[in-house]
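The values are calculated or read from the model by the stated rules, or taken from the named source; none is laboratory data. It should be emphasised that the depicted structure is a prediction, and the values quoted were computed from it without experimental measurement. Cβ placement follows ideal geometry from the backbone for every residue including glycine, while neighbour counts extend to all protein chains displayed.
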Amino acid sequence: MATLTESEFNELMDDTIIAIEEALDELDELDLDYETSGGILTVTLENGTKVIINRQTPLKQLWLAAKDGGYHLDWTGEAWQTDKEQEPLEALLNRVLSQQANETIRLNLEL
């Protein structure tokens, strides 16, 4: 796990949220909404389910809440990965969004 200062972490989180928003904008065929407020990104799918991404600054983690549970991700120096399975953020987002939308979703994150 990479050691980040608080300002580096916050900058990385801002960049990550922007990258996710840009990737969501590329999904023209999908009916979903997203909103960022107070550093929390909420993605609402057509069926009303949500995926929420927020920052846990004291732990320097990205937290993702989905219908199937919560995930804590650490920055490895190259990518966000879940703390238990080491699943990359892009794969995790694609998996939980696809499960909740009941269709295949492929985001391409440019981090």
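Here residue 10 meets the list (1) on the phi > 0 side of the Ramachandran plot; (2) in a helix (DSSP H, G or I) almost entirely, failing just condition (1). Look at residue 89 and say whether it is closer than 18 Å to residue 8 by Cβ and modelled with pLDDT of 95 or more. Here the answer is yes, as residue 89 does meet what is asked.
Checking each residue of the stretch 65-76 against the condition of being in a helix (DSSP H, G or I), within 11 Å of the chain's Cα centre (by Cα) and not charged (D, E, K, R) gives no match.
Evaluation of residue 80 against the conditions (1) more than 18 Å from residue 105 (Cβ to Cβ); (2) surrounded by 12 or more Cβ atoms within 10 Å (Cβ to Cβ); (3) at pLDDT 95 or above shows that the sole unmet condition is (1).
Residues are listed down the side, and each one gets a yes or a no for (1) out of contact with any strand residue (DSSP E or B) (no Cβ under 9 Å at 6 or more places or on another chain); (2) among the aromatic types (Phe, Trp, Tyr); (3) within 22 Å of residue 44 (Cα to Cα):
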{"residue": "67", "(1), (2), (3)": "no, no, yes"}
{"residue": "72", "(1), (2), (3)": "no, no, yes"}
{"residue": "87", "(1), (2), (3)": "no, no, no"}
{"residue": "104", "(1), (2), (3)": "yes, no, yes"}
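For residue 51, the conditions (1) among the hydrophobic types (A, V, I, L, M, F, W, C); (2) under 15 Å from the mean Cα position of the chain (by Cα); (3) surrounded by fewer than 16 Cβ atoms within 10 Å (Cβ to Cβ) are fulfilled apart from (3). Would you confirm whether any residue within the stretch 60-71 is surrounded by fewer than 15 Cβ atoms within 10 Å (Cβ to Cβ) and either among the β-branched types (Val, Ile, Thr) or more than 13 Å from residue 96 (Cβ to Cβ) (or both)? Within the stretch 60-71, none of the residues are surrounded by fewer than 15 Cβ atoms within 10 Å (Cβ to Cβ) and either among the β-branched types (Val, Ile, Thr) or more than 13 Å from residue 96 (Cβ to Cβ) (or both). Just checking, how many residues over the stretch 11-40 are surrounded by 13 or more Cβ atoms within 10 Å (Cβ to Cβ) and out of contact with any Leu (no Cβ under 9 Å at 6 or more places or on another chain)? Total meeting the criteria: 5.
Between 41, 4, 27, the distinction of being of a type outside the set (S, T, N, Q), in a loop (DSSP other than H, G, I, E, B) and more than 20 Å from residue 86 (Cα to Cα) belongs to 27 only.
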